[in-house]
1. Identify the residue in segment 311-351 that is charged (D, E, K, R) and closer than 20 Å to ARG76 by Cβ and, among all such residues, is most open to solvent (accessible area, probe 1.4 Å).
2. Does THR66 satisfy being open to solvent by 10 Å² or more (accessible area, probe 1.4 Å), among the β-branched types (Val, Ile, Thr) and either in a strand (DSSP E or B) or in contact (Cβ under 8 Å) with a residue 24 or more places away in the chain (or both)?
3. Just one of the numbered conditions (1) at pLDDT below 95; (2) touching a helix residue (DSSP H, G or I) at 6+ places or on another chain (Cβ under 9 Å); (3) open to solvent by 20 Å² or more (accessible area, probe 1.4 Å) is not true of TYR284; which one?
4. Name, by its number, the condition in (1) out of contact with any Phe, Trp or Tyr (no Cβ under 8 Å at 6 or more places or on another chain); (2) part of a loop (DSSP other than H, G, I, E, B); (3) within 20 Å of ILE417 (Cα to Cα) that does not hold for PRO166.
5. Find all pairs meeting these conditions: Cβ atoms under 6 angstrom apart; at least six residues apart or on different chains; first residue within segment 288-305 and on the phi < 0 side of the Ramachandran plot; second residue modelled with pLDDT under 85.
6. Looking at (1) in contact with a Phe, Trp or Tyr (Cβ under 7 Å, 6 or more places away or on another chain); (2) part of a helix (DSSP H, G or I); (3) open to solvent by 10 Å² or more (accessible area, probe 1.4 Å); (4) within 20 Å of VAL409 (Cβ to Cβ), which is the one condition that is false for GLU308?
7. Return yes when SER351 is touching a residue at least 60 places away in the same chain (Cβ under 8 Å) and hydroxyl-bearing (Ser, Thr, Tyr) and no when it is not.
8. Any residue in segment 140-161 that's open to solvent by 10 Å² or more (accessible area, probe 1.4 Å): show its pairings with residues that are in a loop (DSSP other than H, G, I, E, B) and small (Gly, Ala, Ser) at Cβ separation under 8 Å, as long as the two are six or more apart or on different chains.
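The values are calculated or read from the model by the stated rules, or taken from the named source; none is laboratory data. The structure presented is a predicted model; accordingly, all values stated were derived computationally and were not measured. Backbone-built Cβ (ideal geometry, glycine too); neighbour counts: all protein chains shown. With ligands, DNA and RNA removed, areas are computed over all heavy atoms of the protein, side chains included. Shrake-Rupley method; radii C 1.70, N 1.55, O 1.52, S 1.80 Å.
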Amino acid sequence: MLRPIRTLAAAAAALALVSACNSASKSSSPDKPGAAGNSRGVSADSIKVGGIVSMTSASGYSKKDTDLGAKARYLRANAEGGINGRKIDYVGAEDDGQDPAKNLAAARKLVQQDKVFAVSPMSSVTFSGADFLEQEKVPTFGWGTLPSFCGPKYIYGFNGCLVPTPGGTLNQTWPEGIGKVLGGAQGKTVAIIANDSDAGKFGIRTFQQGFTSAGFKVSYAKASVPATAVPSDWSAYVKELLAGSDGKAPDAIVSVMQTPNNIGLFTALKRSGYKGLLSDPTDYDPGLLAKDATKQALDGVHVLLQFEPFESADPKMAQFKADIKAANGGQDIPLNMHMMTGYMSADLFVSIAQKAGKNLTVESFQAAAQGYSDTATLVGDRSEPKGQKDSFGCGALVQLKNGAYEVSVPFKCYEPIPFK
């Protein structure tokens, strides 16, 4: 926790305590959110913030370092004097276990029991607490990979809205990047596979349109892999992917899934003799390289990033690395994309809250967000409320080669396309 700054050991102990209390009260908040001079979570010298993160899951996949990334950004903000004189009281992140019921319970606990002003970060494949947070007027920040980050008034994606409704736009980083690696998209085929979940279905819908717009022929696009357990046999999926629509293996196979699924799928594809391009949006994590089997499964895979690669020489990346080290008790730690998710979620919240001024209320925060913009951040140019409808359109690709990540397509902002 940061009250304003405490040791990581204390944070771990408190996190264990609040995780045990996930059966939150469902009574309504006594405060009236947004009322001038009566903003929940705001005192004369502090702003209370909490998070919701999938620290555990049935598959073993964890986003726990999202919490460390958020702590790192809040620590620096506090060291620099806080937000208009108020320190950030970060109560830590609730673990939703990728369970919709726990996600809603975590949101209720943070608002009704902990009485936070904002939820930042929110990082999970489920966001059943979104309607509750919107109703309670709680500014919420996370990775905009779910529909709930696209449209609601109080919910913000740190890189914009990535799964828009009709009338919004699509980020073309992945299709354009893979096109560059393959020497152009024209005449090339791509197969897209995802989990059978809300996020997976939206991923299929959006990426199918994006790859088609970039000039690819989409030979396969299904959200067919169970979301609750990793298959023990991938042969049926491999057969479908390689058959495509014309009996020919696609030039590229992209997986809109998490690491345990990607390891199984990519291993099976390689054993089948597939030689095409493999890509996913999740496996940028040096910690994955500790096991030889994992390193072999991911070798050659191009990973989509929606932020500057850690290999970047940008001074802001050096600041990020220093902040993470400080939050980790001054010890070096392998970097991963979850840290960046938490860090940039917190960064957008801090930036907007700073603009809101000394009289911080939900109304003043929302007014500041309505005209907010900045440039050249680790996720590119940001603008609100544009980001509640469109993505910020920036990203890169990195490839795992010989046990290390290399930038295969440098960070760049691409012109988004209309979503139909």
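1. ASP332
2. no
3. (3)
4. (1)
5. Pairs that qualify, where the first residue is on the phi < 0 side of the Ramachandran plot and the partner is modelled with pLDDT under 85, are THR294/LEU288; LYS295/LEU289.
6. That leaves (2) as the condition not met.
7. So SER351 does not fit the description; no.
8. CYS150/GLY144; CYS150/GLY168
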